[in-house]
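Single-structure report; data block below.
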Amino acid sequence: MAAPTNTFISNSAVGNRESLHDIIGILNKDETPFQSAIGAGSADATYEEWQLDALGNADTANAHLEGDDSTAVAVTPTSRVGNRTQIFKKPFTISNTQEVVKKAGRDSEISYQAALAGRRIKMDLEAVCCQNQASQAQSGANPRRLGGFESWITSNVSRGAGGASGGFTAGNTVAATDGTQRASTETLLKGVIRAAWTAGGKPTLLLMGAAQKQTFSAFTGIATQFQEPKGKAATVIGAVDRYVSDFGTFNAVASRYLRGREIEVVDPSLWRLLWLRKWKKEELAKTGDARKFHLIGEVTLESRNEAGNGIVADLT
């Protein structure tokens with residue numbers, strides 16, 4: 001029913017004050033499970049190197065004659081691998097006017113945008129470390145890039161038809177070649193976990209995208225559980241966050257930063273972030289009526305031994 005004739009309503013008013021709350025709703029997408037699980041150290045150059053070795057297998061024929069001389073066995077040298085530092089940067093420019101006007105939800109636009117840049121740059125690093133980026137040296141307009149998790153893994157892999165591992169060669173990692181996608185099964189995962197354990201790894205973390213996490217929680221044998229506390233609403237448990245295998249217990253974690261077609265089997269003790277330059281906010285040269293900043297850092301990913309990890313790739 002319409003308002004009576006000549007009723008003065010708010011749509012016609014001129015002097016009504018606005019009501020803008022001092023709240024800014026931000027979708028929090030900056031969980032970084034891979035960075036949170038692994039260690040950190042320092043870098044001294046733009047190309048960091050380290051050595052790999054393995055104990056090999058037990059020798060059940062290790063029996064010798066009494067008084068016999070010992071014959072030297074050939075020594076296998078260590079292998080030498082490395083990764084390149086990558087410069088991550090988030091620039092922003094704030095006009096001097098915007099910094100001083102009265103604002104809702106924040107006092108300083110510079111401080112607010114710096115905080116957002118810090119969260120966003122961590123997301124970038126997480127995605128690069130977890131995905132299939134090959135490492136490369138700087139050349140012309142091509143910047144240095146670090147090799148991500150997928151590009152390192154060659155030892156304990158399950159791939160679809162036509163898929164091929166990348167790995168470290170000639171100073172850089174090579175991106176893996178994607179194969180034909182297939183359904184994710186517990187059998188595939190168990191095979192990779194067993195291979196990593198047999199090689200000497202002790203993986204404890206399963207990283208997977210949203211679709212793979214839902215499929216993982218529905219593996220056969222992982223029953224839906226019902227809890228009905230007296231006097232409370234019934235709870236249906238439809239997710240699995242801890243997976244007990246024959247070779248250890250795993251935290252199963254959904255990650256927003258994987259490509260979504262893989263489950264990464266991670267031994268966190270075998271990975272580190274090596275920092276050449278930690279995150280730093282720097283003010284840049286002033287060229288007008290504004291202030292320029294960037295958040296910058298330089299880091300690489302150390303794969304201490306990829307053979308203790310694994311990947312189930314090419315999943316639908």
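The values are calculated or read from the model by the stated rules, or taken from the named source; none is laboratory data. All values derive from a computational prediction rather than experimental measurement. Virtual Cβ from ideal backbone geometry, glycine too; neighbours counted across all protein chains shown.
In region 26-37, the residues that are touching a residue at least 40 places away in the same chain (Cβ under 8 Å) form Cβ pairs under 8 Å with partners that are small (G, A, S) and surrounded by 17 or more Cβ atoms within 10 Å (Cβ to Cβ), at six or more places apart or across chains, as follows: E31/S255; P33/S255; F34/S255. Name the residue that is farthest from R256 (Cα to Cα), counting only residues in region 7-53 that are of a type in the set (D, E), out of contact with any Asp or Glu (no Cβ under 7 Å at 6 or more places or on another chain) and surrounded by 10 or more Cβ atoms within 10 Å (Cβ to Cβ). The selected residue is D53. Could you grab me the full set of residues in region 206-220 that are aliphatic (A, V, I, L, M) and surrounded by 19 or more Cβ atoms within 10 Å (Cβ to Cβ)? Hits for region 206-220 are L206, L207, M208. Total residues in region 28-75 satisfying the condition of being modelled with pLDDT under 95, hydrophobic (A, V, I, L, M, F, W, C) and either closer than 30 Å to G147 by Cβ or not in a loop (DSSP other than H, G, I, E, B) (or both): the figure is 4.
Looking across region 1-56 at every residue that is touching a Ser or Thr at 6+ places or on another chain (Cβ under 7 Å) and of a type in the set (A, V, I, L, M), the one that is farthest from T76 (Cα to Cα) is identified as A43.
The residue that is modelled with the highest pLDDT, among those in region 76-86 that are in a loop (DSSP other than H, G, I, E, B) and under 30 Å from the mean Cα position of the chain (by Cα), is T85. Looking across A183, A195, A175, one residue alone is closer than 18 Å to N309 by Cα, hydrophobic (A, V, I, L, M, F, W, C), in contact with a strand residue (DSSP E or B) (Cβ under 8 Å, 6 or more places away or on another chain) and at pLDDT 95 or above. It is A195. In this structure, R84 does not satisfy being loosely packed, with under 13 Cβ neighbours inside 10 Å, among the charged types (D, E, K, R) and out of contact with any His (no Cβ under 6 Å at 6 or more places or on another chain). Residues in region 273-316 that are of a type in the set (S, T, N, Q) and in contact with a helix residue (DSSP H, G or I) (Cβ under 9 Å, 6 or more places away or on another chain) were compared, and the one that is nearest to A161 (Cα to Cα) is T316. Highlighted here are the strands (runs of 3 or more DSSP E) found entirely within region 216-262 that include at least 1 residues which are within 28 Å of N132 (Cα to Cα) and either in contact with a Leu (Cβ under 9 Å, 6 or more places away or on another chain) or modelled with pLDDT under 85 (or both): 242-245, 248-254. Only one entry of T187, T177 meets the criterion of being surrounded by fewer than 19 Cβ atoms within 10 Å (Cβ to Cβ) and closer than 15 Å to V312 by Cβ, and that entry is T187.
Taking the criterion of being touching a residue at least 40 places away in the same chain (Cβ under 8 Å) and more than 30 Å from T204 (Cα to Cα), the residues of region 285-313 that qualify are D289, A290, R291, K292, F293, H294, L295, I296.
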